[in-house]
Protein chains: 2
Amino acid sequence: MKPFALALVAALWAGTAAAETIATGDLGLVIERATGSVLLVDQSDRAALARIEGLGDLSHASLVYSPDERFAYVFGRDGGLTKLDITTRQIVGRVVQSGNAIGGAISDDGRLVAVSNYEPGGVRVFDADTLEMVADLPTGGKTIGLVDAPGRRFVFTVWDTGESWIADFSQTPPQITTIPGMGKNPYDALITGNGRTYITGLFGEDGLTALDLWSEAPEPIRVLPGYGRGEQEMPVYKMPHLEGWALTGREFVLPAVGHSQVLWIDADTLTETGRTQTYGQPVFAMARPDGRQVWVNFAHPLNDTIQVIDTVTKEVIHEFKPGPAVLHMEFTPRGHEIWISVRDANRIMIYDTRTFEKLREIEAESPSGIFFTARAHKTGL
Amino acid sequence: MKPFALALVAALWAGTAAAETIATGDLGLVIERATGSVLLVDQSDRAALARIEGLGDLSHASLVYSPDERFAYVFGRDGGLTKLDITTRQIVGRVVQSGNAIGGAISDDGRLVAVSNYEPGGVRVFDADTLEMVADLPTGGKTIGLVDAPGRRFVFTVWDTGESWIADFSQTPPQITTIPGMGKNPYDALITGNGRTYITGLFGEDGLTALDLWSEAPEPIRVLPGYGRGEQEMPVYKMPHLEGWALTGREFVLPAVGHSQVLWIDADTLTETGRTQTYGQPVFAMARPDGRQVWVNFAHPLNDTIQVIDTVTKEVIHEFKPGPAVLHMEFTPRGHEIWISVRDANRIMIYDTRTFEKLREIEAESPSGIFFTARAHKTGL
């Protein structure tokens, strides 16, 4: 046997465990927020496969996937951008690119990874292969609501200035469009799955603001101007996550801010079509992929409970308590099962979305965000 | 070195090429109809990786993927059901389950593969792991329009009887619901991406027929009853493929039968909202994943041309000739590129969907259907 063959043997031998997961379409990663680790999971086997450690501060962390569902880019709260290879289960790159970051996105062609920063503000864009910085975009403030849009674009918004930015990286240098007047203190944003509508939530005033990204010159569109946290001056236990906003058929479902309600909004006219009273202040309102159900979790101290709402009747059809501190939910891509992070039980619970039967519990260290690889193929996730 | 390690070396050595493709999220298979082979392709590298042979008669063939994007189930015209492992690039199972078949589907949990048969009629359902038959459903005729629906269901329709069937495999034995009166000689069908609406095209009369699968007892809904091939008695050069029907925002885009038009239909009310004149009789009308464009190819003898329609204006914005016999198109999952089969050029052409620039040509033997692995995560594909 020739020396290079021996070297190959050694390399393959070392990677025996990883070699079992040679198809990546049904894998996922779970953020373990307290330990700076992520758990690699297998949806079909309903199993944890491996723990990868050394990712820094993962409180409020999120991640995106490369188009081949091989690499994950993990955005830590401490400004760390970590690239994982889920086939070898190793960290293959890491930069600490700022002092305090709040999420990121990957371009539609998978070549660019962008990170949104609080400290310093702005957005930094990295080569997805090498993690070399290819663009630094100071925005004059804390930058939130960073999403990818079709056409190699990123869209994001500045808390301090109320400006949204569209950075078009299909051109060199990137073409920047700024849209002032989004409102006072935008705190988060979402983009719809088709990449057309971008909506920011506002902390400093009532209502929300939308942009039609198909417009030649997008302008702020006010949404529910009379609705918000100021209406009844209720305490806000936790700001809802706007990425969790659900689009079901022709309606958005929004977790209300400071109210125990979800709001239904017509996706075209952006006017309210209904409200559903919920058990507590909603954090995530997530539509099953077929749009027939919306699953809602709640802010502390009511965060042990899930409610399921039927989207035709807009009524709660099921309520149960997975355990203490339900932080996140992720549906399998075709919606037959749902995985739920129960932080203080150190468990992920898996349920059938039709019978509501619990199918499995998986041990995890303070699990929070669950991210299945199918996100690689979606805009805005 | 121990014997079992040596055996491992041999196995791995034989599979060296395959070991390089350990993530499957951006792969795909192209049907090579004349040679009974499929071509494994890589979207990110815009490259062909391998040819897998021995699949029988692949005229009018299609395929579906397992949830992990590892296995493909190829439905041949000769009744052959072939299971491929795209990580090892080998056939791992094959049954000839009928004399003449017309497509198949995989259940939302990935456990069951169903095949729709002309000869004998009916549907046969197989264990996705072993390819053992688990159910034989004679329908009394040629069976068409087989799709998966959420909740471990299959829906299909019988040409001879005008009946649609819903087979619910979440129960044992499977629960069958039959819906008569779909119309005269249904020839194909589609299901919308959310799994709610099933629509059959009719050969024996004008119009189409829809079912609302969210209804407790779905009943036939007539769509465009005054429109069809009979209206002007025009020759039909090729029946359009209904799986190619596009849903863009609130509208379906349908290739008309026997007319050089695509039709726009409101997805909720199922009424016509417009018509766009096209270069020839459309075969596939496929929406870019963001819904902003619809790409249309045409029946012989005008099958060298593609037109691109803007879905806001409903106007043709681009027309070009990729080459002789354009048979199929597939968008990358986030829509930045499109792959086009040009059968008589023995080429797959890859284009940027915004600049319309040609990015690459790949050699293939009489290519027809192109199937990217992201279909694993979609209902009805």
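The values are calculated or read from the model by the stated rules, or taken from the named source; none is laboratory data. Just so you know, these numbers come straight off a predicted model, no measurement behind them. For neighbour counting, all protein chains shown are included, and Cβ atoms are generated from backbone atoms with ideal geometry for every residue, glycine included.
Values computed for the structure shown
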read-out: Residue check, A:Thr353 modelled with pLDDT under 95, touching an Asp or Glu at 6+ places or on another chain (Cβ under 8 Å), surrounded by fewer than 23 Cβ atoms within 10 Å (Cβ to Cβ) and β-branched (Val, Ile, Thr); value: no
read-out: Failed criterion for B:Asn100 (all others in (1) in contact with a helix residue (DSSP H, G or I) (Cβ under 6 Å, 6 or more places away or on another chain); (2) within 20 Å of B:Arg33 (Cα to Cα); (3) of a type outside the set (Phe, Trp, Tyr) hold); value: (1)
read-out: Breaking point among (1) surrounded by 16 or more Cβ atoms within 10 Å (Cβ to Cβ); (2) within 14 Å of chain A (Cβ to nearest Cβ); (3) among the small types (Gly, Ala, Ser), for B:Ala210; value: (2)
read-out: Matching residues in the stretch B:287-313 - criterion: being within 14 Å of another protein chain (Cβ to nearest Cβ) and not small (Gly, Ala, Ser); value: B:Arg288, B:Pro289, B:Asp290, B:Arg292, B:Gln293, B:Val294, B:Asp310, B:Thr311, B:Val312, B:Thr313
read-out: Subset of the stretch A:99-126 that is touching a Pro at 6+ places or on another chain (Cβ under 7 Å) and surrounded by 23 or more Cβ atoms within 10 Å (Cβ to Cβ) - its residue that is nearest to the other protein chains (Cβ to nearest Cβ); value: A:Asp108
read-out: One residue from B:Thr278, B:Thr373, B:Thr332, B:Thr305 being among the hydroxyl-bearing types (Ser, Thr, Tyr), buried (at least 19 other Cβ atoms within 10 Å of the Cβ) and more than 28 Å from A:Thr332 (Cα to Cα); value: B:Thr278
read-out: Tally, over the stretch B:44-63, of residues that are under 26 Å from A:Arg334 (Cα atoms) and within 12 Å of chain A (Cβ to nearest Cβ); value: 1
read-out: Qualifying residue in the stretch B:285-305 (condition: under 22 Å from B:Pro225 (Cα atoms) and touching a residue at least 12 places away in the same chain (Cβ under 8 Å)); value: yes
read-out: Residue pairs meeting the criteria (Cβ under 6 Å; at least 6 apart or on separate chains; first over 24 Å from A:Tyr187 (Cβ atoms), in the stretch A:94-113; second surrounded by fewer than 19 Cβ atoms within 10 Å (Cβ to Cβ)); value: A:Val95/A:Leu131
read-out: The listed residue being over 16 Å from the mean Cα position of the chain (by Cα), over 17 Å from B:Val134 (Cα atoms) and either surrounded by fewer than 19 Cβ atoms within 10 Å (Cβ to Cβ) or among the aromatic types (Phe, Trp, Tyr) (or both), out of B:Arg89, B:Arg94; value: B:Arg89
read-out: Tally, over the stretch B:340-374, of residues that are hydrophobic (A, V, I, L, M, F, W, C) and more than 14 Å from every other protein chain (Cβ to nearest Cβ); value: 8
read-out: Some residue of the stretch A:313-320 being aromatic (Phe, Trp, Tyr), modelled with pLDDT of 95 or more and within 19 Å of the chain's Cα centre (by Cα); value: no
read-out: Criterion: modelled with pLDDT under 95, among the β-branched types (Val, Ile, Thr) and touching a strand residue (DSSP E or B) at 6+ places or on another chain (Cβ under 8 Å) - qualifying residue of A:Thr178, A:Thr197, A:Thr172; value: A:Thr197
